[in-house]
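Here's the structure, in structure tokens; my notes come after.
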Amino acid sequence: MKNKFLFITFIYCLIVIRINAQQCDLTLAGTVIDPHESEGLSGARIYIEESNQQLFADSIGFFKFSNLCIGSYHITIDHSACESQKLFIDLLRDTFIFVELEHHGHFLQSITIEGSRVGSEGASQNTIRYNEIEKHSGEPLAVLLEQVTGVSSYKNGSGIAKPIINGMSGNRISILNNGIVQAGQQWGSDHAPEIDPFSVEQIKVIKGVDVIAYGGNSLGGVVLMEPASIPKDPHLHGIQLISFQTNGNLLAYASKVEVSKKKFDCRWTLGGKYGGDRSTPDYYLTNTGLKELSSSIFFIRDRIKSSTRVYASIFNTELGILRGSHIGNVTDLQQAITKEIPLFTQEQFSYQIESPKQKVGHYLIKFSHQRQTKIHLYEMIAAAQINHRREFDVRRNGRSSTPALNLLMQSYNVDFKDRLELRNHHFNYGVQSKLNVNTNQSGTGILPLIPNYNLYNLAAYFQWKRVRSSVTYEGGLRYDMNSFNVTYQSKETPQVFQKGKHNFQNFNLAGGIKYKVIEPWVLRLNIGLAQRSPEVNELYSSGLHQAVAGIEEGNINLMPEHSYKAMATSSVSISHRLIFETNIYCQKINRYIYLEPQKEFRLTIRGAFPLFIYKQTDAFIYGLDVLAKVELSDQLNWVNRFSYIKSRDLITQVGIPYIPSHQLTTSINYGIDRILLTRNLNIEIGGKYVFRRSDLLESQDFLASPDAYFLMNARIALDFKVRQEFFNISAQADNILNNKYRDYLNRLRYFANEEGINVKLALKWSF
């Protein structure tokens, strides 16, 4: 009996051992393809979060993981030319999956973006992945966009920056938040986009034919802020990120929580910033603190052939403006521009924000519905935005708390679009309508800088693309009708209120070709004809613009711009080891509108300020962007970017103001997997050299162009896991050498140096 019991026990143990052995002997395999070109994606990365394993798909897109245990896995599949996909799989047996990576962005199954690099898709599109967004938490959107070759920032103090794409900025660039053009008072260099970059999953910079679908005035390009769809994961998961910057004692927080239920998916984000006076190597920049609070919520209801989405966001910020930029008289202003240390500089750090300052609130709600048939994808979008901007000046008799500028904009959008696929032909067309109502609120006691106006826009566009084995053709056409109704005050004495009406009709035409010379070498060519109507500020500005400390005057006789642009790109991508890309572009703009600095200083009852006047000329802008990324080993990457840009006023034969300088950036990244108790260790060292603009005359500005400068930075990041939760700690230092310099693209360079060394500490918790 005893022997029988021992025998049964032995057999049971063998069975248990066998079962346990089988539990970690499972296989996960699959194929990754591009559904539009029906071919495998060589080099696609497949990453298993729980086991920290990754593979790269072979030449036909095939991959295979072995020796996996029974359990639940989060899997990310990404490729440099596509959007990424995140899957949740309960692995119970050997499994084969079929993954389609969408790069046209119109399938209902939108996807989560995660990655560690800036993707390069050629001249027409560049993508900033989610991990890169996290790395720059606490930074303005425009600074984050500088990760794309050919993109610079137009700055106006701490936390205030706007992107410049191939020399184009301001009204020539459209920024879309979740598919909706950001509607606010974006006419000033001091008006940073009211968007929290952390609330999105990826950022795209588009410069080719696809611009046609987003905006008629986008001569420079389009910035897409895109939230991904919520992964089909029934567990509550998310990210908590907190960071601290030593320069300004800036504390930033960001949170994202998402969950997928049977009837709907939901994501909620929350972010905030609180900081005080920034500092140069020698002194504090008095009154440059900031406060910011933002939040968004995203609901998705997916069905078999339809999807309904509701998105809402709020954004509130208070930004101080350098106190030394607001001067009482002409003599002091002349001295302030040449002084090394700004006027009103305090010797102690402060969180206090006083006048001059700005407060901005932005509120967005969007509803969209998609329906898919065999060959069509229909989408209807309705959205509403409210943008409330208040700017405060230093005023006498205790009136500094009363806004000197108080603008309220209401914007309403209704769009309809359809995407159609017929074999190798892809069509994208739609109709868009927009109403903006901009009103000056009472109680300022000052004549408004921007008048009251209504803007009506009606647009229609059509895009076509034909995909063949080695050649892709694409083209697009867009028509915009813009109507302004303006109520303004005449400049003549006696001043009376007048009504103005402007009707503009703009046509945009673009075409492109993509040719695969051989497997790793791709050539692209894009050409385009575009028109841009003058904006209300360019036509009617009249008075002091507080935040830029300057008087701006519009010109009611301005005519629409006419742009002719050509862009050629050569890109070589050998697996994930080498990416080499060159982009050559040239753009001629007839009747180019720009804000010209005058030698005149104007004295008002509110102080002395420099004068800027909107003018027109014929301009020619051309340049070269180069990206070279080399994977020297599995652990070592070297990335280099170079941007060369020249501008010419074809009438005066001199350079054009506020065009970026040439710049060169380089960085070396070293990563180690599974070092000691950690999962990943990443070290990055980089530098940036910005050249001096030597093509401007002294008569074109109040000060000569600043000297060239070099900045050095470094970063170290460490990933580790505690139980089933993931953590990342990082330390980053900018301007390590604490160099003193002034940047040509900063409107406050007339009064102060740029910021000195800044150390940033960050902790991320993923659950």
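State whether one or more residues within region 518-541 are modelled with pLDDT of 85 or more, aromatic (Phe, Trp, Tyr), loosely packed, with under 15 Cβ neighbours inside 10 Å and under 19 Å from residue 149 (Cβ atoms).
Scanning region 518-541, I find at least one residue that is modelled with pLDDT of 85 or more, aromatic (Phe, Trp, Tyr), loosely packed, with under 15 Cβ neighbours inside 10 Å and under 19 Å from residue 149 (Cβ atoms), so the answer is yes.
So that you can scan it fast, the table gives a plain yes or no per residue for (1) of a type outside the set (D, E, K, R); (2) part of a strand (DSSP E or B):
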position: 685; (1), (2): yes, yes
position: 688; (1), (2): no, yes
position: 696; (1), (2): yes, no
position: 715; (1), (2): no, yes
position: 727; (1), (2): yes, yes
position: 733; (1), (2): yes, yes
position: 737; (1), (2): yes, no
position: 742; (1), (2): no, no
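Could you check how many residues of region 744-767 are in a helix (DSSP H, G or I) and basic (Lys, Arg)? Talk me through it step by step, then tell me what you get.
Start the filter on region 744-767 by keeping residues that are in a helix (DSSP H, G or I), which leaves 747-750.
Keeping just the survivors that are basic (Lys, Arg) gives 747, 749.
So the count comes out to 2.
Here are 629, 646: which of them is in contact with a strand residue (DSSP E or B) (Cβ under 9 Å, 6 or more places away or on another chain), of a type in the set (Lys, Arg) and closer than 18 Å to residue 588 by Cβ? Show your work before the answer.
Working: 629 fails: closer than 18 Å to residue 588 by Cβ.
Answer to the check: 646.
Mind checking which residues of region 362-376 are buried (at least 20 other Cβ atoms within 10 Å of the Cβ) and under 19 Å from residue 305 (Cβ atoms)?
Quick first cut of region 362-376, residues buried (at least 20 other Cβ atoms within 10 Å of the Cβ) only: 362, 364, 366, 370.
The answer is 370, and nothing else.
Can you name the number of the only condition in (1) modelled with pLDDT under 75; (2) surrounded by fewer than 23 Cβ atoms within 10 Å (Cβ to Cβ) that residue 143 fails?
The number of the failed condition is (1).
What is the one condition in (1) charged (D, E, K, R); (2) modelled with pLDDT of 95 or more; (3) closer than 30 Å to residue 40 by Cα that residue 478 does not satisfy?
(3)
Could you tell me whether any residue of region 616-636 is aliphatic (A, V, I, L, M) and under 21 Å from residue 216 (Cα atoms)?
The answer is yes, given that some residue of region 616-636 is aliphatic (A, V, I, L, M) and under 21 Å from residue 216 (Cα atoms).
Keeping to region 43-93, report how many residues are assigned to a strand (DSSP E or B) and either on the phi < 0 side of the Ramachandran plot or not assigned by TED's automatic domain parsing to the domain that holds residue 30 (or both).
Within region 43-93, the first condition is being assigned to a strand (DSSP E or B), and the residues that meet it are 45-48, 53-56, 62-68, 71-78, 85-91.
With either on the phi < 0 side of the Ramachandran plot or not assigned by TED's automatic domain parsing to the domain that holds residue 30 (or both) added as a condition, the list becomes 45-48, 53-56, 62-66, 68, 72-78, 85-91.
Selection size over region 43-93: 28.
Taking the conditions exactly as written (in the same structural domain as residue 549 (by TED's automatic domain parsing), assigned to a loop (DSSP other than H, G, I, E, B), surrounded by fewer than 23 Cβ atoms within 10 Å (Cβ to Cβ) and among the aliphatic types (A, V, I, L, M)), does residue 314 satisfy them or not?
Details: in the same structural domain as residue 549 (by TED's automatic domain parsing): yes; assigned to a loop (DSSP other than H, G, I, E, B): no; surrounded by fewer than 23 Cβ atoms within 10 Å (Cβ to Cβ): yes; among the aliphatic types (A, V, I, L, M): yes.
Judged against the criteria, residue 314 is not a match.
Could you name every one of the strands (runs of 3 or more DSSP E) located completely within region 147-239 that has at least 1 residues being among the aromatic types (Phe, Trp, Tyr)? Working first, answer last.
Values: elements: 151-155, 161-165, 173-177, 202-206, 221-226.
Counting at least 1 such residues, we get 151-155.
Scan 652, 678, 666 and give me the residue that is under 28 Å from the mean Cα position of the chain (by Cα), over 25 Å from residue 334 (Cα atoms) and either assigned to a loop (DSSP other than H, G, I, E, B) or modelled with pLDDT of 90 or more (or both). Explain how you work it out, then say what you get.
Numbers: 652 fails: under 28 Å from the mean Cα position of the chain (by Cα); 678 fails: under 28 Å from the mean Cα position of the chain (by Cα).
Only one candidate qualifies: 666.
Given 602, 577, which one is over 26 Å from residue 360 (Cβ atoms), in contact with a Leu (Cβ under 7 Å, 6 or more places away or on another chain) and surrounded by fewer than 20 Cβ atoms within 10 Å (Cβ to Cβ)? Can you show your working first?
Working: 577 fails: in contact with a Leu (Cβ under 7 Å, 6 or more places away or on another chain).
From the options 602, 577, the qualifying one is 602.
How do the strands (runs of 3 or more DSSP E) wholly within region 506-578 filter down when requiring 1 or more residues that are within 28 Å of residue 392 (Cβ to Cβ): which remain? Talk me through it step by step, then tell me what you get.
Numbers: elements: 521-532, 542-545, 550-553, 561-574.
Counting at least 1 such residues, we get 542-545, 550-553.
Checking residue 558 against (1) touching a Pro at 6+ places or on another chain (Cβ under 6 Å); (2) within 30 Å of residue 325 (Cα to Cα); (3) buried (at least 23 other Cβ atoms within 10 Å of the Cβ), which test does it fail?
(3)
The values are calculated or read from the model by the stated rules, or taken from the named source; none is laboratory data. What you see is a predicted model, and the numbers here were worked out from it, not measured in a lab. A quick note on method: Cβ atoms are made from the backbone with ideal geometry, for glycine too, and the neighbour counts reach across all protein chains shown.
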